[in-house]
Amino acid sequence: MYVFTSEGVPVGGAPALLGMSVGDILPAGIAGKPLSKIPPKDRITQAGRFFARKGYDNHDKVVLWVDFATRLAIHEVINVPGQRHPQRLETTTTKDNRISWGCINVPIAFFHSTLMGTLSSGKGYVYILPEVLPVADFFGFNSSKVIEYMQKE
């Protein structure tokens with residue numbers, strides 16, 4: 001995960017844990033289901049552009065609600081017994097970073113200092129890039145036009 005100021009200046013980055021399944025679009029009907037009723041194949045971190053806001057989860061912990069309606073949040077890593085979440089963030093590979101129910105888990109210090117410290121207003125935009133669909137197709141722009149524009153700069 002990378003954090004930027006509103007002016008586009010990089011602030012920092014950290015590893016993240018994502019949904020246990022690959023996918024870009026949340027399956028229909030998932031948003032209203034209890035977590036225990038969501039099958040592993042549907043536990044994805046959906047792609048998109050979101051207006052995120054600081055809030056609290058059902059344990060009164062601070063989270064950044066990326067999409068409240070679908071319960072997608074960025075939060076500090078949770079130590080789930082037997083799942084080694086904090087240790088997974090420390091490995092050099094991303095192969096073991098697919099373990100969450102869909103939320104984005106980040107190191108505790110990064111969450112509080114870098115992410116929430118940058119969002120002094122408690123809100124900001126979050127972009128989650130697609131994993132399956134081409135970025136240009138997912139976000140609806142023509143990649144050749146973007147490349148052409150970048151080459152002019």
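Suppose we keep only residues that are surrounded by 13 or more Cβ atoms within 10 Å (Cβ to Cβ) and of a type in the set (A, V, I, L, M, F, W, C) within the stretch 92-114. Which one would you say is nearest to the chain's Cα centre (by Cα)? Checked the stretch 92-114; the qualifying residue nearest to the chain's Cα centre (by Cα) is Ile104.
Go through Ala52, Ala16 for me and flag whichever is more than 17 Å from Pro130 (Cβ to Cβ), at pLDDT 90 or above and not acidic (Asp, Glu).
So the residue among Ala52, Ala16 that is more than 17 Å from Pro130 (Cβ to Cβ), at pLDDT 90 or above and not acidic (Asp, Glu) is Ala52.
Within the stretch 61-91, the set of residues being under 13 Å from the mean Cα position of the chain (by Cα), farther than 24 Å from Pro27 by Cβ and free of Cβ contacts under 8 Å to residues at least 40 places away in the same chain comprises Glu76 only. Consider Glu131 carefully, then state whether it is modelled with pLDDT of 90 or more, among the charged types (D, E, K, R) and under 21 Å from Gly12 (Cβ atoms). No. For the stretch 35-57, the candidate set comprises residues that are part of a strand (DSSP E or B) and of a type in the set (D, E, K, R); within that set, the residue that is surrounded by the fewest Cβ atoms within 10 Å (Cβ to Cβ) is Arg49. In this structure, does Ile25 turn out to be surrounded by fewer than 17 Cβ atoms within 10 Å (Cβ to Cβ) and not in a strand (DSSP E or B)? Spelling it out, Ile25 is indeed surrounded by fewer than 17 Cβ atoms within 10 Å (Cβ to Cβ) and not in a strand (DSSP E or B). Checked across the stretch 123-131, the condition of being in contact with a helix residue (DSSP H, G or I) (Cβ under 7 Å, 6 or more places away or on another chain) and within 20 Å of Tyr2 (Cα to Cα) holds for at least one residue. Scanning the stretch 92-141 for residues that are basic (Lys, Arg) and either free of Cβ contacts under 8 Å to residues at least 60 places away in the same chain or farther than 24 Å from Pro39 by Cα (or both) yields Lys95, Lys123. Return a yes/no flag: does the stretch 90-99 have any residue that is of a type in the set (D, E, K, R), in contact with a Phe, Trp or Tyr (Cβ under 7 Å, 6 or more places away or on another chain) and over 18 Å from Gly122 (Cβ atoms). Looking for residues that are of a type in the set (D, E, K, R), in contact with a Phe, Trp or Tyr (Cβ under 7 Å, 6 or more places away or on another chain) and over 18 Å from Gly122 (Cβ atoms), one finds none in the stretch 90-99, hence no. Considering the stretch 60-88, and only residues there that are assigned to a loop (DSSP other than H, G, I, E, B) and of a type outside the set (Val, Ile, Thr), the residue that is surrounded by the fewest Cβ atoms within 10 Å (Cβ to Cβ) turns out to be Gly82.
The values are calculated or read from the model by the stated rules, or taken from the named source; none is laboratory data. Quick caveat, the model's predicted, so the values are computed rather than measured. We place every Cβ from the backbone using ideal geometry, glycine too, and count neighbours over all the protein chains shown.
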